[in-house]
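Written out below as structure tokens is the structure these notes cover.
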Amino acid sequence: MERLVEVLFFASLFREEGHDLTFNLIYPGVLDPRYATPERVHGWEPWHVVDFETLDEFTSGNAAKYALLARGDGEYLVVHCVADKLLITGVGHMQNLRWYRDKVLTVRVVGAGALRFFYGSREIVSCAGGQSEPLVSWPFASPQPALGDIVEAMGNMTDVVQNKYALASGALNMLSSELIRRRHGGIIAIVNQDDAASMPAFGAAMLKAPLKFGQMVARHWEASMVEGGRENPGEDDIVEAQDAAAECDRALSLIGRMSTVDGAVLATPALAIVGFRAKLPAAHRTPPVMRVHADERLEEFDLNLKGTRHRSAACFVEETPHRVALIASADGPAAAMFQDAQGHVVYHPVRDSYDDFAL
């Protein structure tokens, strides 16, 4: 495993025509003639795999050379361990989600020195700059009006998930993590209920039908709880949970890509994505902002130290209550901005840098 991580890290530093190298990898484990390719692990055929006759050693240079074969969603280089040596044995495409992925490690190389590791559909760790990072947490110390709207909206989506607060926090956590990992900087602007009629005023590129991310997260949690709550879950329960997780992942990836386009991604309190490339209020002045610390202490925060993106987010949430802006800088810091119960525009850090989490 150490060798796998080392090779991937140095492979990620290669560049292709001036751009970071990105690709996906699957590591089923030790090569065995009976289980030579991932689709045979459980006797199903979820993968279309092309096995290589010539097996190249898994080095950084070779990984970079083969990377173009595995850049798209669901496309992976297949790496096995043979006699304590890692080899590139083929390339696979996931064509059927009906597959137990709990015993297979997948890795996404998302940028220079940036790796994301998954065990099944669950992300277990990410790595940036050669150092591993814990997953982003979102432990709000006290409820706030705008966040309460999100909790209420998502709470109406499921009867199975009783902890609506955890459900809403989990969804916000996923969105924040995606913004951070894109390493581009971006904003997800969550409007209030009264903004629905004035959506065109944001000048966004509107979607023909909302991308109901909040509902997808609720379905994912609900299906996982049903599967996990049964001693011997049936195949239908397992498939439902896996399909819900895959649907959620695809939507999250799309939202992340939208966030890299200039402007903000627009979402409702139910976390339905309705548009992107939105123009938030012009930052003609910098509103007073208070920074929230881990002990709930507030102090004045000089937003002039930040860029136009942060000032636009502050103007957006100051303009009217019950709005939330999830914002990330290209260099790592991320936060939520909203009005608290006292009407302050607050800057609630999620992470101050790639190495340190604020809360």
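No value in this document is a laboratory result; all are computed from the given coordinates. A quick note: this is a predicted structure, and the numbers were derived from the prediction, not measured. Please note: Cβ atoms are built from the backbone with ideal geometry, for glycine as well, and neighbour counts cover all protein chains shown.
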Quiz item: Between His293 and Ala196, how many nm apart are label points set 7 Å from Cα along the C-beta direction?
Solution: 4.1
Exercise. Starting from the Cα-Cα distance between Asp159 and Glu6, subtract it from 0.36 nm times their residue separation and give me the gain in nm to one decimal.
Key: 50.6 nm
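Return an integer: the convex hull volume of the alpha-carbon atoms of segment 139-233, in Å³ per residue.
Per-residue hull volume (Cα only) is 151 Å³.
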Self-check item: Global geometry of segment 216-258, whether rounded, prolate or oblate, following the gyration tensor of its Cα atoms and the 1.5 cut on a/c
Solution: prolate
Practice problem: Could you rank the peptides 259-266, 12-19 by their average count of other C-beta atoms within 10 Å per residue, with the highest value first? | Solution: 259-266, 12-19
